[in-house]
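Remarks on the structure that follows.
Bear in mind these aren't lab numbers, they're just calculated from the coordinates by the rules spelled out. Just so you know, these numbers come straight off a predicted model, no measurement behind them. Here the Cβ positions follow ideal geometry from the backbone for every residue, glycine too, while neighbour counts run over all protein chains shown.
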Amino acid sequence: MSATSTADAHALPPQLAAEKPADAAAWLAVAAGTLGALMATLDVSIVNSSLPTIQGEIGASGTEGTWIATAYLVAEIIVIPLSGWLERLLGLRTLLLIAATLFTMFSVACGLSTTLPMMIAGRVGQGLTGGALIPTAMTIVATRLPRAQQPIGNALFGATALLGPVVGPVLGGWLTENVSWHYAFFINLPVGVALVTLLLVAIPHQAAKLYLIREADWLGILGLALGLGGLTVVLEEGEREQWFSSSLIITLTAISAFGLVLLGLGQFLARKPVIKLRLLLDRQFGSVVAMVTVVGMVIYGTSYVIPQFLSQIAGYNSLQSGQIVMLSGIPVMLMMPITPWLIRNVDIRLSVCFGLSVLALSAWLETDITPLSDGRDFVDSQLLRGMGTVFCMMFLNQAAIRSVPKEEAGDASGLYNAARNLGGSFALAGVAIIQDQRLWLHARRLEESLNANSIAVQDYVAGQGAAALRSLEATIQVQALAMTYADMFQIMSVGIMFVIPLVMFLRPLPKNAPLATGH
């Protein structure tokens, strides 16, 4: 043993120094989990850049086309909290093999779709199977690596979880511009084959525990599907359907409420509830869930709003917009190697407070956008956003798992990930509401500021002729739209500031302790 390795061994706690390093099969298993998580997180956003093209080719309107993205998110939100129970029921390898195989098949089905119903069915299938790939990747790190090497596995997983949503729009945009939108789905075929091969080689078979079906919290499972599924669709589609003026929204709200009641009953009637909502009563875990919900709103909200602004106002195509969004991934890649050291040595309250403050600052920098702004005006804020996201998400994940006993880490991780995705749904719903309401308000205010008797206005109309009024209205709309997007960034910034005091409820992580892991 070299002097360096001897010193490292002495630096570790005795129980960690005694553990054997992971073998090649263990690292292959980690690679499989990371690859599965990357494939699933990419597909959350890979279609965002391609939506206009896909809608045109399958004959879907703009409103109908949003279901291509919504269907995936709804299905994923439902299955993420169930992944812990499904793993216990089927065994880790069997669950991942089923999920990876079906995810690949549904991806091919999406690529072959010629109608909207075919596409939505494929996206639902992708969400149901991809949602199982994301949290179970953490289980592989927890079960196959010794605690001394788990920080490396966690860094690999963290990179995929944070980079997937920002790389997706760029990859989808490039494929759409240079090949075809179909390959945004077909690209999963070789990845899926590689993933299945790794799973067969690297992860041992575990016997299924089918008796858990009899003991399952079926009230909770049904309630979870109806409650979270219905709520997500209401949030996604509410503004477009004029909220409670729509019979669809009224029906879905009732279904969601009924599902949440069933989920609540399951907490009291089931011997082992499918998810343990009582964990939210823990002061630290409840605070973490609140913070990660807001962080999810900012991450998903900005990744949607920035491309919309660049497309509608700056005239960027989908690939150019995706490249600006991907800038936030640069700090993620640069900081991942040092995050294990940061988690072990920096106070979690200081780190999360710093991360939230940086996220708030990044959103505030974007409140001064104008119709003349372009991608260059988002460079600094995107780089700051990436740095803030690392400090928030990596530390909040540790806080969530360490808030609860080890045997409940899976339930905590399910709630944590579901809260992050629900934050994304809240963000998209909020964006639709704000854009509709504030665009109208700003347009009317700008119109009121133009006096018909003003010499400047009369000279402009006289000089432009018949096209003057149309040109003036277009100018007002562009100005109002830029002001509306500025309002969105301001609201995100203020929202983050409101949850910063919750860091006081976090308990410091043990110094030099291994990273906590959960699925």
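For the pair THR475 and VAL179, label points projected 7 Å from Cα toward Cβ lie 4.6 nm apart.
Grab the beta carbon distance between LEU189 and SER311, set R0 = 41 Å, and tell me the FRET efficiency rounded to 0.05.
Efficiency for this residue pair is about 0.90.
Multiplying the residue separation of LEU342 and ARG88 by 0.36 nm and subtracting their alpha-carbon distance yields 88.2 nm. Sequence-ordered 3J(HN,Hα) estimates for the range 89-95 from the Karplus curve with 6.51, -1.76 and 1.60 and θ = phi - 60° stand at 6, 9, x, 4, 5, 4, 4 Hz, glycine and proline given as x.
Taking Cβ atoms as reference points and 13 Å as the exclusive limit, the residues near GLN267 contribute a net charge of +2, counting Lys and Arg as +1 and Asp and Glu as -1. The shape of the range 232-360 can be summarised by an equivalent ellipsoid whose semi-axes, obtained from the alpha carbon gyration tensor, come to 33, 29, 11 Å from longest to shortest. If the chain linking LYS20 and THR367 were pulled fully straight, counting 0.36 nm for each residue of separation and taking away their Cα-Cα distance, it would gain 119.7 nm.
In whole angstrom, how long is each semi-axis of the equivalent ellipsoid of the range 318-395, when you take the square root of 5 times every eigenvalue of its Cα gyration tensor and sort them from largest down? Walk me through the numbers on the way to the answer.
Values: eigenvalues 140, 43, 9 Å².
Over the Cα atoms of the range 318-395, the semi-axes work out to 26, 15, 7 Å.
Spin-label model, VAL494 to ALA121: label points 7 Å out along the Cα-to-beta-carbon direction sit 4.6 nm apart.
Calculate, in nm to one decimal, what ARG507 and TYR211 gain on full extension: separation in residues at 0.36 nm each, minus their alpha carbon distance.
Gain on extension, ARG507 to TYR211, equals 102.7 nm.
In this simple spin-label model, placing a label point 7 Å from the Cα along the Cα-to-Cβ direction at both LEU200 and GLN242 gives a separation of 5.6 nm.
Summing Lys and Arg as +1 and Asp and Glu as -1 over all other residues whose Cβ lies under 14 Å from the Cβ of ALA480 gives a net charge of -2.
Step by step: find N for the range 217-273, compute 2.2 N^0.38 Å, then divide the Cα radius of gyration by it. What's the final number?
1.24
Restricting the range 252-328 to trypsin sites (Lys or Arg not before Pro) that sit in a DSSP loop and have at most 14 other Cβ atoms within 10 Å of their own Cβ leaves ARG271. Computed from the Cα positions only, the extents of the range 22-214 along the three principal axes stand at 50, 39, 24 Å, in decreasing order. The phi torsions of the range 189-200, fed into the Karplus equation with coefficients 6.51, -1.76 and 1.60 and a -60° offset, translate into couplings of 5, x, 5, x, 4, 5, 5, 4, 4, 4, 5, 5 Hz, rounded to whole numbers, with Gly and Pro shown as x. By other beta-carbon atoms within 10 Å, ranking ARG344, ARG385 with the fewest at the front produces ARG344, ARG385.
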